[in-house]
Structures are given as C-alpha cells and as structure tokens.
Amino acid sequence: MLKLVLLTRQTTQRFALPFFVVAALAFILMSRTDNPWVTDARTHTLDVLAPVIDVASRPVSAVNAAVDSVNNWLAVAAENEKLRRENARLMHWQAAARQLLAENREFRGLLSSVAEPRAAFVTARIIGHSSGTFVRTAVLNAGTGDGVRVGQAVVAAHGLVGRITETARHSSRVLLLTDLNSRIPVVFESDRKPAIVSGDNSRVLSLLFTELAGNIDAGERLVTSGEGGMLPPGIPVGVVTGSQGDPPRVTPFVDPARIEHVRILDYTLPGLMQTTREAGMLEPLW
Amino acid sequence: MIEDWGGSLRRRAVSFLPLVSGVALVLVTSTPLYFGHVGDVAPRLGVTAVIFWTVYRPDLLGYGSAFCLGIVADLMTGLPLGITALVLVMVRHGVVTRRRYFLRKSFHIVWAEYALVVIAAVVIDWMLAALYLWSYPGLLVHVFQVLLTVALFPGVYWLLARCQDLVSLAGRQPAGSG
C-alpha cells in the first residue's frame with residue numbers, strides 16, 4: 001500500500017511540471033482566440049473579488065494621495081501663479097462660451113434642429129489597475145446592477161478615459177485609451193477632419209487613417225466624433241504632440257493613474273438602442 | 001477524538017497559508033504605484049511569494065498552487081489567462097532545482113539571488129508578451145517593475161517569514177493541544 005502511494009506521488013511529481021506548462025499554454029491559446037469561457041470566468045472572478053480589491057486598493061490609494069499632496073505642497077507657489085493666469089484666461093473664455101451658447105440656442109430654435117440625446121451617467125471609483133506589457137485596464141466598483149453595459153464611455157473631468165469591456169454584477173473593467181486594442185473615432189477640433197486614435201500600451205496614442213498625415217501641428221486637440229453611436233460626440237481625447245517629420249502622437253488629456261472617480265456614460269441614440277435608465281440625466285458634458 | 005480532529009483541521013488550514021498569502025500579495029499589487037513619466041508600475045509580488053515558499057516550504061506550494069496563483073492573478077488583472085500561471089510555474093521549477101543556493105545563506109545573498117530570479121521572471125514575461133502581441137514591447141516599464149519588486153523584498157520577506165512561523169508553529173503542536 002505504502003509502495004503504491006509512493007509510486008503515485010513520484011509519478012505526480014514527475015509529470016506536474018509538463019502538465020501545468022501545457023495547461024498554461026492551453027489557457028493562453030484560449031485567451032488568444034477569445035474563448036467565451038475565459039470571458040465568463042473573468043466576469044465571475046471580478047464579481048467575487050471586487051470587494052476585496054476595493055479594500056486592498058485603499059491603502060495604496062492613500063499612499064498615492066499622500067505622495068500627491070506632498071508634491072502639491074512643494075509646488076504650491078508656482079501652481080498658485082499658474083492658476084491665477086489660467087483663471088484670468090478662462091474668465092475670458094467663459095464670457096465667449098456664454099455668448100456662443102445663447103447664439104447656438106437661438107439658431108437651433110430657428111432651424112428646428114434635432115437636439116443631441118442627453119447622456120445619463122453613473123459615478124464609480126477606480127479600485128484596480130492593470131499595468132504592464134499586455135493590457136491597460138482599470139476595474140470600477142459599478143456593474144450591471146448599476147446600469148453599466150459593455151461599450152459605454154468612461155470619462156473624467158478632463159476627458160475620455162476608455163470604454164467598458166467587461167461587466168459583472170457590481171464591478172466592471174475599462175479598456176483604457178492606451179491599451180493596444182483601443183480604437184476611438186475622433187475629429188480634429190479645429191477643422192472636424194476625422195481620424196482614429198489607437199493605443200499601443202505606451203503612455204501616448206497613435207493617430208490612424210487621418211487625411212492630414214504629415215501636416216498636423218503639435219497642439220491640435222482631438223475630440224470624439226460620435227461615429228458608431230456608442231460614444232457621445234465632443235468628449236476631449238488628447239492633444240497632438242511630437243515634432244515635425246515624426247509620425248504624429250497624441251497625449252491623452254486624462255492620466256488614469258492620477259484619478260480616483262470616473263463617470264460611466266449611458267449614451268444611446270434614439271431608435272438605435274433601447275434606453276434602460278432615465279435617472280441621472282444631465283446636460284451635455286462637453 | 002474531537003481535539004485530534006480540531007488540531008488536524010487547523011494544520012490543514014494553515015497549510016493553505018502559502019497560497020492565501022500569495023493571493024493577498026497579488027491583490028495588493030492590483031493597484032499599481034505611479035512613477036511620474038514612467039507611468040503606473042506594479043511590483044511582481046506573486047513571484048516573491050512563489051520564490052519564498054519554494055525555498056522554505058516547497059511541500060506547501062507545489063506546481064499546482066503556483067499555477068492556481070497565476071490563474072487568479074491573470075483573472076484579476078485582466079491579463080491573457082495562463083500568462084502569469086506559466087511564469088510562476090517556471091519560477092517554481094527554477095527555484096526548486098536551485099534551493100541549495102538560497103538555504104543557509106545570509107540575507108544579502110538571498111536578496112541578490114532573489115533579484116536574479118525576478119529578472120528571469122520578467123524576461124520570460126516580456127518574451128511571452130512579444131510572442132502573444134507579435135510586437136516589441138517597451139522595456140522601461142519592465143526595468144522599473146524589477147527595481148520595485150526587488151526594493152520591496154525585505155518588507156515582503158518579513159511578512160512571509162511571519163506566515164512561515166505560523167505554519168511551523170501549527171506543525172510542531174501535537175494534535176489536540178488546542
């Protein structure tokens with residue numbers, strides 16, 4: 001009996017390494033082929049572990065916040081001066097925006113134009129990040145139970161953060177703009193020329209399918225075009241950076257590592273999809 | 001009889017401590033730290049857990065546990081399923097065959113050897129990424145990941161050593177001693 005147990009143990013030990021290597025490779029292959037079983041497993045795990053991730057993230061968030069506040073204290077004088085100048089400039093823009101808003105409302109009334117559908121939103125906290133070579137995602141503490149659906153836009157105060165790719169009951173995963181699989185239809189704010197911004201797992205984005213290739217000035221702002229009907233038009237995405245001659249790169253307005261709360265927009269074009277929620281309606285954000 | 005059963009249950013529960021401590025470390029790293037222009041970098045504390053337990057209690061963290069820890073990490077972080085599992089299984093194999101280089105050595109030597117294993121793990125991860133994505137992934141994030149993981153080693157080692165004390169204590173207590 002003892003001999004049999006020893007023999008079984010030795011055989012298990014001998015074949016454990018090749019067995020688990022083959023199993024891992026099989027899982028990788030299943031992930032590569034987008035097997036629905038993998039998606040389901042991920043969703044269920046997210047639901048179970050989201051409360052634990054939420055608790056685990058708080059001390060690290062507190063450390064990040066403490067480091068931020070020390071940096072803020074060190075730069076308080078320079079920051080104050082910068083904000084004063086920015087405030088003066090923004091007061092001027094506020095006056096111009098009010099005037100344009102009134103004009104716009106009047107023209108819309110005259111033309112009987114169709115109003116943009118308004119977006120409902122859910123506010124959620126970022127409880128986890130994935131960094132590294134493979135993916136750039138974040139985990140939110142709101143899910144299908146809160147009205148979150150796959151494809152919805154996630155925004156912060158300064159612009160677009162990404163899109164929802166996985167939803168569990170009380171949590172969801174956002175594919176960040178910088179992820180290799182992210183593709184967002186945009187337009188140049190100045191002349192409305194269309195393009196696609198794509199991530200490559202670095203901190204900046206690439207610009208694809210633009211008619212202006214080779215003739216793009218640094219500092220040009222990009223906003224969502226609204227093409228496809230899932231993202232509201234006009235959400236700030238990023239600004240063109242880099243020198244002349246190099247392929248244009250786009251720096252996103254939002255750095256997800258520096259924000260804690262986001263809004264998930266429930267934007268649906270009338271007739272395209274059935275609106276599920278009417279609560280929390282707000283005026284167009286941008 | 002009931003006391004025997006209680007002691008046995010306690011020892012069995014404590015034997016899961018290596019896997020539980022590994023999952024806890026992976027959970028902590030799901031919120032990466034922010035490093036200015038480098039971006040968000042998360043340490044590979046799952047690798048730390050596998051190295052520690054493979055060196056000091058390989059009987060409690062076998063290939064199956066390393067594989068499960070990797071699968072949990074992949075599910076939590078949104079990585080392609082199997083990537084971390086493969087890295088941790090390879091790390092376990094690399095360490096278990098070279099345990100004697102870690103045992104009965106000064107802390108600084110263990111730290112240096114640990115750094116070499118972390119570098120090897122990150123290189124494997126980088127190569128898997130290159131194959132999976134069929135592109136050349138940037139190196140800077142990986143370099144910072146190695147530096148951060150190695151820098152955090154003393155603190156994590158201390159925590160895991162306390163867990164090991166608990167495991168040893170449960171193993172020494174005779175069944176039924178409360």
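Between residue B:116 and residue A:202, the modelled label-to-label distance comes to 3.4 nm, taking each label 7 Å out from Cα in the direction of the beta carbon.
Where only DSSP H runs of four or more residues are counted, chain B gives -23000 deg cm²/dmol as its mean residue ellipticity at 222 nm, each run worth -39500 (n - 2.57). Distance from the C-alpha centroid of the stretch A:141-217 to that of the stretch A:1-55: 32 Å, rounded to the whole angstrom.
Taking a quarter of the surface of the Cα convex hull of the stretch A:120-266 gives a mean projected area of 8.1 nm².
Think of the stretch A:120-266 as having a plus end and a minus end, set by charges on the Cβ of Lys, Arg, Asp and Glu; of A:124, A:247, A:215, A:124 sits farthest toward the positive end of this dipole.
At a threshold of 8 angstrom on Cα-Cα distance, excluding pairs fewer than six apart, so keeping six or more, what relative contact order does chain A reach in percent?
Details: 466 pairs, mean separation 48.4, N = 286.
For chain A, the relative contact order is 17 percent.
Membrane-span-like helices in chain A, defined here as complete DSSP H runs extending at least 30 Å along the helix axis by their C-alpha atoms with mean Kyte-Doolittle hydropathy no lower than 0.0, are A:2-32, A:36-74; this is a sequence and geometry rule, not a statement about a membrane.
Our Cα-only numbers for the stretch A:1-134 put the radius of gyration and Dmax at 29.1, 93 Å. Each label was represented as a point 7 Å from its Cα along the Cα-to-Cβ direction; for residue B:131 and residue A:183 these points are 2.7 nm apart. In loop segments of the stretch B:89-178 as defined by DSSP, the trypsin sites (Lys or Arg not before Pro) with at most 15 further C-beta atoms inside 10 Å of their C-beta are B:98, B:104, B:105. Ignoring GluC sites (Glu not before Pro) that are buried or in helix or strand per DSSP, and keeping those with at most 16 other beta carbon atoms within 10 Å, what is the longest stretch of chain A between them? Counting only loop sites that pass the neighbour cut-off, the longest clear stretch is A:1-188. Once the partner protein chains are put back, the stretch A:30-71 shows a loss of at least 30 square angstrom of accessible area, versus the chain by itself, at A:31, A:32, A:42, A:45, A:49, A:53, A:56, A:60, A:64 (probe 1.4 Å, ligands and nucleic acids excluded). The base-10 log of I(q)/I(0) for the protein assembly as shown, evaluated at q = 0.10, 0.12 Å⁻¹, reads -0.83, -1.12 [Debye formula, identical scatterers on Cα atoms, solvent excluded].
Can you give me the relative contact order of the stretch B:2-172 as a percent, contacts being Cα pairs under 8 Å and 6 or more apart? Numbers along the way, then the final one.
Details: 179 pairs, mean separation 45.5, N = 171.
Worked out over the stretch B:2-172, it gives 27 percent.
Once A binds B, the 1.4 Å probe can no longer reach about 3700 Å² of accessible area, counting both sides. Its Cα centre serving as origin, the protein assembly as shown has a Cβ charge dipole (Lys and Arg +1, Asp and Glu -1) of approximately 1680 debye.
The Rg/Rh ratio for the stretch B:2-172, using Cα coordinates for both the radius of gyration and the Kirkwood hydrodynamic radius, is 0.99. Once the chain from residue A:6 to residue A:29 is taken as fully extended at 0.36 nm per residue, the excess over their C-alpha distance is 4.8 nm.
For the Cα atoms of chain B, what angle does the longest principal axis make with the long axis of helix B:2-14, in degrees from 0 to 90, nearest 10? Once rounded, the angle reads 10 degrees. Rounded to the nearest 0.05, the FRET efficiency derived from the C-beta distance between residue A:192 and residue B:123 at R0 = 45 Å is 0.45.
Could you calculate the FRET efficiency of residue B:158 with residue A:90 from 1/(1 + (r/R0)^6), where r is the beta carbon distance between them and R0 is 45 Å, rounded to 0.05? So the FRET efficiency works out to roughly 0.35.
Charges were assigned to the Cβ only: +1 to each Lys and Arg, -1 to each Asp and Glu. The resulting dipole of the stretch B:2-172 about its Cα centre is roughly 580 debye.
The values are calculated or read from the model by the stated rules, or taken from the named source; none is laboratory data. In this text the structure is predicted, and so the values were computed from the model without any measurement. Note: ideal-geometry Cβ built from the backbone for every residue, glycine included; neighbour counts use all protein chains shown. Accessible surface areas use protein heavy atoms only, side chains included; no ligands, DNA or RNA. Shrake-Rupley method; radii C 1.70, N 1.55, O 1.52, S 1.80 Å.
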